[in-house]
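Nothing in this text is a laboratory measurement; each read-out follows from the coordinates by a stated rule. All values derive from a computational prediction rather than experimental measurement. Counting neighbours? That spans all protein chains shown, and the Cβs are built from the backbone with ideal geometry, glycine included.
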Amino acid sequence: MSAQFHIASLAQMDPVSLYRVLQLRTDVFVVEQQCAYPELDGRDLEPGAVMVWATYAPEHRADDDGAPTSSDAQAAGAVLATLRVLREPEGFRIGRVVARDAARGTGVARELMQRGLEYCAAQSPESAVVLDAQQPLEGWYGSFGFTRTGEPFQEDGIPHVPMRRGSSDLPARTGDQGGQQQDR
């Protein structure tokens, strides 16, 4: 699967890309996972917050009438996966990690996560990165150097574990290990 990767603050995003990112987050976290919670939590607007997202590469084009030449999910610009990076006192927090069903297991989420971590390291190499992983994905996040820092907890009826890593020692890029790469 050929993807393009993007990173921007909310204010820098074009409205269509922002809409597609928020739609994917809502489609998975609220609808697919059946969790009624405030997906738009205000943190996307915080100073230093950025979105990292992947879209299908430009070879997925629309025809002359503007209709996609492939399915809507594969149209140029359709968001495959996204995550959010927030600034926090201890460094950074990565969250809202999500991949479209068709992109899971393709390596797109792994590449997205790698780029998110590289962004954090470029901003502040000495800062830690924290996240709250859905418990079934603890091993996937562990492959990026994250380690559990506390006991499992429930968030919106889904078991999570707190995790942390230093920003040095970025792992080599490898194939995705599959699964639903998502984290609130």
Taking 7-14, 51-58, 24-31 and ranking on average Cβ neighbours within 10 Å, highest first, one gets 51-58, 24-31, 7-14
Can you order the peptides 95-102, 115-122 by their average number of other Cβ atoms within 10 Å per residue, highest first? 95-102, 115-122
Here P(r) for the stretch 93-171, Cα-Cα distances in 5 Å bins, as whole percents, is 3, 15, 26, 25, 18, 10, 2, 0
Amide H of SER9 versus every other amide H placed in the peptide plane: which residues, excluding those fewer than 5 positions away on the same chain, fall under 5 Å? MET51
Apply the Karplus curve 6.51 cos²θ - 1.76 cosθ + 1.60, θ = phi - 60°, to the phi angles in the stretch 77-86 and return the couplings in whole Hz, x for Gly and Pro. x, 5, 7, 8, 7, 8, 8, 10, 10, 10
